[in-house]
Amino acid sequence: MPRPAEPPESGALEALYQEQILAHYRRPHNKGSLDEPDASATAANPLCGEAIAVTVRRDGERISEVAFAGQTCAISQASASMMTDLARGKTLPEIVALTGRLAELLRGDRAAAADPALGDLRALGGVARIPARIPCAVLPWRALTDALLQEVTDVA
């Protein structure tokens with residue numbers, strides 16, 4: 001199915017989004033690891049050699065802090081930086097929902113591209129045009145979800 005024509009202002013919007021990605025890549029938020037985390041997990045993309053570790057602290061059911069570290073490309077690092085901003089204050093079901101919405105964005109869903117719940121993640125919408133980079137964008141979210149699920153499993 002052909003994609004709808006891009007609106008005339010899409011060039012300016014794409015440039016803005018490129019700048020957001022580069023800003024998160026150059027100055028990532030919450031890069032590093034947390035001392036004494038409540039949960040942690042790693043995820044890897046063996047096709048390109050990327051690996052990321054996520055550490056999480058919770059306050060009850062909500063994420064209070066999250067950090068990431070690893071050898072990743074610009075897309076993964078930007079996604080991880082954006083993720084750490086969005087994840088704070090969220091519960092596991094909210095993270096699962098955000099991860100699903102991100103997947104829709106990365107498949108080119110226009111409604112997801114306009115969803116304010118995704119915040120800066122909307123800048124990753126252009127990745128839909130480069131399917132080989134989609135695993136890069138979701139890699140940190142896989143690690144975060146695994147960390148949160150691991151904690152649930154360990155507590156149960």
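Where a number appears in this text, it was derived from the coordinates with a stated rule and is not lab data. All values derive from a computational prediction rather than experimental measurement. A quick note on method: Cβ atoms are made from the backbone with ideal geometry, for glycine too, and the neighbour counts reach across all protein chains shown.
The angle between the Cα long axis of helix 10-26 and the main principal axis of the chain comes to about 30°, on a 0 to 90 degree scale. Ranked by the mean number of other Cβ atoms within 10 Å of their residues, highest first, the peptides 55-67, 76-88, 104-116 come out as 76-88, 55-67, 104-116. Using Cβ point charges alone (K and R +1, D and E -1), the dipole size of the chain about the Cα centre works out to roughly 420 debye.
For helix 74-87, what angle does its Cα long axis make with the longest principal axis of the chain, in degrees from 0 to 90 and rounded to 10? Its long axis makes an angle of about 60 degrees. In degrees from 0 to 90, rounded to the nearest 10, what is the angle of the helix 92-106 Cα long axis to the longest principal axis of the chain? The two axes meet at around 20 degrees. Computed over the chain, the per-residue total of -39500 (n - 2.57) for DSSP H runs of n ≥ 4 gives a 222 nm mean residue ellipticity of -15000 deg cm²/dmol, rounded to 500. Across q = 0.14, 0.18, 0.21 Å⁻¹, the chain modelled as identical point scatterers on its alpha-carbon atoms has Debye log10 I(q)/I(0) values of -0.65, -1.05, -1.37, in the order of the q list.
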